[in-house]
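First the structure, in the form of structure tokens, and then the observations on it.
Bear in mind that the values in this text are calculations on the coordinates, not laboratory data. Note that the structure is a prediction, hence the values are computed from the model and not measured. No Cβ is skipped: glycine too gets one built from the backbone with ideal geometry, and neighbour counts run over all protein chains shown.
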Amino acid sequence: MSFFSKSIVGLDIGTSSIKVVQLKQTGNQWGLISMGMAEIPKESLEAKNPDAQRSILVETIKRVFKESGVKTKKVVTSLSGDSVIIRYVKLPYMTIEELRGSISREAEQYIPLNIDQVVLDFQILGETQEDGQRKLDVLLVAAKVDVVDQHLVLLKAAGLTPMVIDVDAFALQNAYEVNRLEPGEETIALINIGASLTSINILEGNNTRFTRDIPVAGNDFTKEIQKEFNLKFSEAEELKKSHGAISMEEDDFSLSTVSHKDDRVLRMSDVMTPILNKLLGEIRRSFDYYETQARKKTVERVILLGGSARLKNVNRFLANKLGIPVEHFSAFRNVEASKNVDAEQMTEKEYHMGVCLGLALRQAES
Ligand SMILES: Nc1ncnc2c1ncn2[C@@H]1O[C@H](COP(=O)(O)OP(=O)(O)OP(=O)(O)O)[C@@H](O)[C@H]1O
Ligand SMILES: [Mg+2]
């Protein structure tokens with residue numbers, strides 16, 4: 001059924017850019033009606049007070065809607081980072097009504113925030129027996145009230161109506177499901193390397209079993225380049241995007257893979273590699289936690305996305321160090337483009353669009 005859901009769009013307000021995706025469903029097939037992405041002018045953002053910052057975001061949201069031709073005002077958006085807390089917990093068995101009544105009391109011990117200052121939601125994932133007792137597997141989601149409020153104020157100022165506020169991690173899971181070639185029970189990690197955050201989702205089949213956001217991502221690469229070459233942030237950003245790469249020991253990097261007359265490529269690699277190693281350390285810690293404590297299964301494959309997955313050799317670096325296959329996620333593999341969508345833009349931006357695609361897919365459920 002999609003009487004009014006048809007016109008819902010996914011809106012991903014990232015820290016570096018804002019993305020929009022509008023989908024149409026025909027039977028089992030998804031079609032891309034429109035998509036867009038607009039950079040948030042970072043330097044202008046830094047200089048301003050919160051009100052002025054909000055109006056820059058509002059301008060950027062309006063711009064991306066205008067440029068992509070999306071007329072709809074109903075949106076599905078998301079929260080991420082430390083404004084949301086996601087926990088997989090086991091609770092004593094009770095009915096859903098009982099749980100609804102007692103959720104804040106039950107959640108209190110798992111949520112490291114004052115329970116009066118969060119918006120709580122939950123989902124019952126299943127039932128298990130533990131020590132002869134019936135237990136519920138419950139997914140808890142808590143978001144800080146003031147963050148949700150600010151988010152709503154921003155959307156309102158942009159003239160939009162929020163239908164659902166999702167969480168990046170769940171949106172990624174939805175996006176992944178639509179793009180799987182065949183269903184299976186394989187354990188994979190979706191790693192979304194954005195501008196300020198890297199999110200890790202470990203999935204068994206279609207179920208997320210672990211999720212974590214790490215505050216190491218593209219901006220950290222850019223800041224190192226900025227220091228190394230004494231540039232403005234935006235200049236360092238451009239240099240990274242046009243010539244950035246991680247050098248691999250097995251390549252004779254200085255001679256072959258990149259043809260640059262200067263040593264900027266190597267210097268960039270030298271300053272970015274420690275950041276990538278830091279990220280690798282956090283990824284390993286997450287995998288270890290999942291593998292030993294949580295489920296006693298191992299991550300078999302990594303699926304990489306986010307704008308920073310475009311950095312040359314990041315996939316090879318991670319594959320070498322983790323010792324498992326790392327492949328890129330094509331957000332639109334199973335999504336057919338309508339003729340208004342620019343095919344080149346679709347390919348260029350697809351690593352950025354995972355979360356946004358997942359948000360747009362919510363229309364199927366609403
Ligand atoms: N060609 C490229 N090479 C390297 N990095 C790139 C390239 N293109 C984009 N990036 C980086 O990708 C990042 C933006 O990715 P993305 O759009 O996924 O982030 P975001 O959603 O805005 O951020 P976040 O999710 O952290 O809030 C930026 O740090 C940008 O520098
Ligand atoms: Mg993002």
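Points to keep in mind about this one:
- Cleavage-rule hits, GluC sites (Glu not before Pro), the stretch 329-366, DSSP coil, Cβ neighbours within 10 Å at most 11: Glu365
- About its Cα centre, the dipole of the chain is roughly 760 debye, where the only charges are +1 on Lys and Arg Cβ and -1 on Asp and Glu Cβ.
- Förster radius 51 Å - calculated FRET efficiency between Leu57 and Phe229 (Cβ-Cβ, nearest 0.05): 0.95
- Computed from the Cβ-Cβ distance with R0 of 30 Å, the FRET efficiency linking Arg264 to His328 stands at 0.75.
- Under Stokes-Einstein, with the Kirkwood radius over Cα pairs as Rh, the value for the stretch 1-148 at 20 °C and 1.002 mPa s is 116 µm²/s.
- For the pair Leu152 and Arg209 in one chain, pulling the backbone fully straight at 0.36 nm per residue adds 17.6 nm over the alpha carbon distance.
- Amide H contacts for Thr198 (H built 1.01 Å from N in the peptide plane; partners 5 or more residues away or on another chain; cut-off under 5 Å): Ile214, Val216.
- Those chymotrypsin sites (Phe, Trp or Tyr not before Pro) in the stretch 259-365 that DSSP places in a loop and that have at most 16 other beta carbons within 10 Å: none
- Packing-based exposure ordering (other Cβ within 10 Å, fewest first) of Tyr176, Tyr88: Tyr88, Tyr176
- CD proxy at 222 nm, helix term only [per DSSP H run n ≥ 4: -39500 (n - 2.57); per residue of the chain; nearest 500]: -11500 deg cm²/dmol
- Share antiparallel - DSSP beta bridges, the chain, percent rounded to 5: 70 percent
- Calculated FRET value between Arg285 and Arg87, using beta carbons and R₀ = 22 Å, to 0.05: 0.80
- The loop-placed GluC sites (Glu not before Pro) in the stretch 211-243, going by DSSP, include none that has at most 12 neighbouring Cβ atoms within 10 Å of its Cβ.
- Counting every C-alpha pair in the stretch 263-366, the share spaced more than 18 angstrom apart comes to 61%.
- Here the residues Lys156, Lys62, ranked from fewest to most Cβ neighbours within 10 Å of their Cβ, fall in the order Lys156, Lys62.
- Label-to-label distance for Ser196 and Glu348 is 2.6 nm, based on points extended 7 Å past Cα in the beta-carbon direction.
- The fewest-to-most ranking of Phe210, Phe221 by surrounding Cβ atoms within 10 Å reads Phe210, Phe221.
- If only the Cβ of Lys and Arg carry +1 and only the Cβ of Asp and Glu carry -1, the dipole of the stretch 269-366 around its Cα centre is close to 380 debye.
- Rg/Rh (Cα only; Kirkwood hydrodynamic radius) as it applies to the stretch 85-143: 0.96
- With a simple spin-label model that places each label point 7 Å from the Cα along the Cα-to-Cβ direction, the separation between Thr26 and Asp131 comes to 5.7 nm.
- Overall shape: oblate for the stretch 104-216, with the ratio a/c of the largest to smallest alpha carbon gyration tensor axis at 1.5 or above and b/c at least equal to a/b.
- Listed residues Gly244, Gln293, Phe317: farthest to the positive end of the dipole of the stretch 218-322 (Cβ charges): Gln293
- Debye intensity ratio I(q)/I(0), log10, the stretch 218-322, q values 0.15, 0.17, 0.23 Å⁻¹ (C-alpha model): -0.67, -0.81, -1.26
- The mean of 1/r over all distinct Cα pairs in the stretch 169-231, once inverted, gives the Kirkwood hydrodynamic radius of 13.1 Å.
- Taking N as the residue count of the chain, its C-alpha radius of gyration divided by 2.2 N^0.38 Å amounts to 1.02.
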